[in-house]
């Protein structure tokens, strides 16, 4: 019952908003090129589906690829920064300072360096994912309760065991926070990179449709883009649920106030 | 060997931070016999936790030496069990998993210890909660799980840093009785830190009374009460006598004051 309600309530609200939107457009006589009705967007999506789908694959791969590279780079780096005083003093301040550079502003440079192909897209997606992942992972590794470490040290466990049984599990909730932020940023990164220069992908499609004042096609593309974002985000959540059942349950009982 | 002696010889601790030095503990000399129940009582901030961590090898002594089981302590002592004031359980493990992690970290065979872990959990009233996660338990239950974790590998030395400090009075009393029974059965060396005078006197063979900042041992009292002391010992004249002596000492040192101070004027000034 509770589970059904958590899905049904937001879905019902979304449906109500769509209904209101449809009614407002039809009754209010809003012109199609400003705001198309949901049914018109749906019809357009069906009409252009093959082209949108083939471009969605391109953008989807950019998102997943850049996200994956960011995971592979940021997590080991976070371990290094958390456990090496030298890295924490030298590399980390540099990275944190570089974080203030607006990544999107330097996207055009990537086109100059890497061309309009995959690499410039992956680079921007990577950069937008990398910082939140790194910062959260470092915070997770550093934020361990010192008394847990006192207990662990009193067992005489070696560094390897301490890492796998104590330090990594205690950092995982924070690491997943970074991954979820990264998942959201990745979609933005891919579209912006395609806006800057590209010959395919949903960002490219958006620019083309927009240039031709095809409002309903623009909305249909945004819809597909949001769907991709949702899939990525919930995949991360699903992995988190598998890896940290205790944490997800803990969070739920804290937000709803009920004990399981 | 089922218990170990502890010796502190001129052991002190000074913390340095931002060029400022704070003396947490003045040089301390104590000899704790194998199998002795030794309590340390003192106000907050008197360095009693630092003393315990020095014995555990988690904090190094600035001067002097600490010896446990005849060996000078220079790194964390591993042949012991520690209980802190907060349970410090691992959120990601069940109650049973939290007990067994003690063995996993030591590279011992967890399967061989599982029956013992279940028996211990049952003994402290956690039967049926073995597969629950810490966030599903009350504070008292968590602390009992933490105590089982400190006992499962049957260490000869038990270090307890205000283990009952965060518990309600009833749970506290029960755990005190459990601890006494355990100690009578196994005769481990126990170092028990507390701010409760009653608790120290009811549990210990000897009580070290500490004074605040810099912490030093003000008096060493031998508690000559018959065991098991259980619930009845509170009525004995010897018990009230010792408690009064410690209380008087705290009064003299300004740790306690005879009259309450909070009856100040409240409300806005006109």
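We did not get these values from a lab; they are worked out from the coordinates using the rules stated. Bear in mind the structure is a predicted one, so any value in this text is a computation, not a measurement. When we count neighbours, we look across all protein chains shown, and the Cβ atoms used for this are built from the backbone with ideal geometry, even at glycine.
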Which of the three applies to region B:121-181, rounded, prolate or oblate, going by the alpha-carbon gyration tensor with a ≥ b ≥ c and a/c under 1.5 meaning rounded? oblate
For chain B, with a Gaussian network of springs between Cα atoms less than 10 Å apart, report the residue from B:102, B:174, B:257 with the top mean-square fluctuation. B:257
Apply the Debye scattering formula to region B:51-189, with a single equal point scatterer on each alpha-carbon and no solvent, then give log10 I(q)/I(0) at q = 0.12, 0.13, 0.14 Å⁻¹. -0.49, -0.57, -0.66
Tail fraction, Cα-Cα pairs, region A:139-253, threshold 24 Å, whole percent: 49
Could you state the angle between the C-alpha long axis of helix A:245-256 and the longest principal axis of the C-alpha atoms of chain A, as a value from 0 to 90 degrees rounded to the nearest 10? 60
In degrees, nearest ten, helix B:95-105 long axis to first principal axis of chain B (Cα): 90
Round to a whole angstrom and tell me the spacing of the C-alpha centers of region A:59-125 and region B:124-147. 43
Chain B: most fluctuating residue of B:31, B:154, B:205 per GNM, C-alpha cutoff 10 Å: B:31
Share of Cα-Cα pairs in chain A beyond 33 Å, whole percent, is 37
Return the Rg/Rh value of region B:58-119, two decimal places, where both radii are evaluated on C-alpha atoms and Rh is the Kirkwood radius. 1.07
Just how far, in whole angstrom, is region A:204-230 from region A:34-55 if you go by their alpha carbon centroids? 8
Shape verdict for region B:115-270, please, from the Cα gyration tensor: rounded (a/c under 1.5), prolate (a/b greater than b/c) or oblate. oblate
Against the longest principal axis of chain B, how steep is helix B:110-123, in degrees 0 to 90 to the nearest 10, with axes from Cα atoms? 50
Rg to Rh for region B:1-50: what is it, with Cα atoms only and Rh by Kirkwood? 1.08
Taking every alpha carbon pair in region A:1-108, what does the distance histogram look like in 5 angstrom bins from 0, in percent? 2, 9, 8, 10, 10, 11, 12, 11, 10, 8, 5, 3, 1, 0
Prolate/oblate/rounded call for region B:90-132, Cα gyration tensor, a/c under 1.5 rounded: oblate
What three numbers, in Å, describe the spread of the alpha carbons of region B:155-237 along their principal axes, ordered from the longest? 35, 34, 27
Out of every Cα pair in region A:179-224, what percent are spaced more than 18 Å from each other? 31
Expressed as a rounded percentage, what relative contact order does chain A have, with Cα pairs under 8 Å and six or more residues apart? 25
Could you let me know the centre-to-centre spacing of region B:196-234 and region B:1-58, using Cα atoms, in angstrom? 16
Direction-averaged shadow area of the convex hull around the Cα atoms of region B:1-117, nm²? 9.6
Mean separation of Cα pairs under 8 Å and 6+ residues apart, divided by the residue count of chain B: what relative contact order is that in percent? 25
Restricting things to Cα coordinates, could you compute the convex hull volume per residue of region A:128-167 in Å³? 58
Counting residues in the protein assembly as shown as N, plug N into 2.2 N^0.38 Å and put the Cα Rg over that result. 1.32
Evaluate E = 1/(1 + (r/R0)^6) for residue B:173 and residue A:164, where r is the Cβ-Cβ distance and R0 equals 35 Å; express this FRET efficiency to the nearest 0.05. 0.30
